[in-house]
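Below: one structure, written as structure tokens.
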Amino acid sequence: MSKLILVRHGESVWNKENLFTGWTDVSLSENGIEEAKKAGSLLKGEKIDVCYTSVLTRTLETAKNILESAELTNVPQIHDWHLNERHYGALQGLNKAETAEKYGADQVKIWRRSYDVKPPLLEKDDERNPAFDEKYKDLKPEELPLAESLLDTVNRVVPYYTKEILPHLQNGENVLVVAHGNSLRALEMYISKYTPEEIIELNIPTASPFVYEFDDAMNVTNSYYLK
């Protein structure tokens with residue numbers, strides 16, 4: 001039997017300010033740090049063989065605080081951009097409430113919650129374009145989005161999961177993944193076989209460990225939040 005433990009990062013400073021974040025690299029708020037420590041206390045006593053995160057600071061800080069609180073500081077960590085949050089394009093940095101006032105709540109809901117509709121794209125010369133970020137200097141231009149739908153996020157997260165993370169589970173190892181609301185939605189959609197209509201309604205709370213248990217044939221035998 002193996003376990004996959006999914007944790008959305010703790011509250012970030014932009015979560016606190018109600019801003020669209022996406023690939024913008026922001027830190028955890030003080031509350032987010034405490035959330036991560038509490039998540040770690042829930043994982044104390046668990047066997048974790050490897051931890052995966054995105055390359056964004058809020059997941060790195062969350063993983064650090066979880067593993068320290070769980071007394072699992074020797075667990076190897078792998079950081080990969082495929083687990084990044086959905087890219088929110090030109091919405092990144094905008095206040096969600098103010099954006100709804102400007103464009104209408106219905107339009108913003110479409111951008112945020114539809115499965116295959118992208119938000120407005122960044123201009124290529126926009127400083128928020130990940131092509132200008134040193135973290136992504138080795139990626140191909142076509143790998144760097146100017147905005148993503150949830151479908152786009154699924155299409156980069158799931159192949160990474162099946163290639164890099166699934167083999168650990170098949171070997172009987174327990175894996176911790178610290179990522180984001182939409183990259184975790186992508187994983188849960190694949191594992192739990194949610195429809196597009198079901199997945200867009202799934203809300204993932206911050207810093208709340210969600211566990212999948214698998215048998216030797218990689219069938220899900222149980223799934224639950226740690227309390």
* Listed highest first by mean packing, meaning other Cβ atoms within 10 Å per residue, what order do 141-152, 20-31 come in? -> 20-31, 141-152
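Just to confirm a number: summing +1 for Lys and Arg and -1 for Asp and Glu over residues other than TYR103 whose beta-carbon lies under 15 angstrom from that of TYR103, what do you get?
Every neighbour counted, the sum reads +3.
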* Can you tell me the accessible area per residue over the chain, all protein chains present, probe 1.4 angstrom, in square angstrom? -> 48
* To do: May I ask you to give the average projected area over all directions of the convex hull of the Cα atoms of region 41-81, in nm² rounded to one decimal?
  => 2.6
* Structure fact -> Each label sits 7 Å from Cα toward the beta-carbon; between LEU226 and GLU71 the label points are separated, in nm, by 1.4
* Asked: Out of [x] 18.1, 62; [y] 17.1, 52; [z] 18.1, 54, which label holds the value of Rg and Dmax of the Cα atoms in Å that was computed here?
  -> [y]
* Share, in percent, of DSSP beta bridges within the chain that are antiparallel, nearest 5 -> 50
* Structure fact -> With 0.36 nm assigned to each residue of separation and the Cα-Cα distance removed, ASP116 to LYS38 gains 24.6 nm
* To do: Between TYR103 and ASN155, with labels modelled 7 Å along Cα→Cβ, what's the label distance in nm to one decimal, could you check?
  => 2.0
* Separation of the LYS47 and GLU173 label points, Cα + 7 Å toward Cβ, nm -> 1.3
* Give me the Kirkwood hydrodynamic radius of region 49-114, using the inverse of the mean 1/r over all pairs of distinct Cα atoms, in Å to one decimal. => 14.3
* By average Cβ neighbour count within 10 Å, what is the ranking of 45-57, 83-95, 195-207, 66-78 from highest down? -> 83-95, 45-57, 66-78, 195-207
* Structure fact -> In vacuo Debye sum over C-alpha of region 105-225, base-10 log of normalised intensity I(q)/I(0) at q = 0.11, 0.13, 0.20 Å⁻¹, listed in q order, is -0.47, -0.64, -1.24
* Helix-only [θ]222 nm of the chain, DSSP H runs n ≥ 4, -39500 (n - 2.57) each, per residue, nearest 500 -> -10000 deg cm²/dmol
* Could you pull out the pairs from LYS118/LYS193; LYS16/LYS44; LYS16/LYS37; LYS64/LYS193; LYS3/LYS193; LYS38/LYS135 whose alpha carbons sit more than 24 Å apart here? => LYS16/LYS44; LYS64/LYS193; LYS38/LYS135
* Asked: Can you tell me the Rg and the Dmax, both Å, for the Cα atoms in region 1-59?
  -> 13.0, 41
* To do: Considering the options PHE210, ASN155, LEU19, tell which one lies farthest towards the positive end of the dipole of the chain, charges being +1 on Lys and Arg and -1 on Asp and Glu at the Cβ, about the Cα centre.
  => PHE210
* Give, in whole angstrom and from largest to smallest, the semi-axes √(5λ) of the equivalent ellipsoid of region 156-227, with λ running over the eigenvalues of the Cα gyration tensor. => 19, 14, 13
* Asked: What are the principal axis extents of the Cα atoms in region 149-195, in Å, biggest first?
  -> 32, 19, 16
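The values are calculated or read from the model by the stated rules, or taken from the named source; none is laboratory data. As the structure is a computational prediction, the values presented were derived from the model and not from experiment. Here Cβ is always computed from backbone atoms with ideal geometry, including for glycine, and neighbour counts include all displayed protein chains. Note: accessible area is taken over every heavy atom of the protein model, side chains too, but ligands, DNA and RNA are not part of it. Shrake-Rupley method; radii C 1.70, N 1.55, O 1.52, S 1.80 Å.
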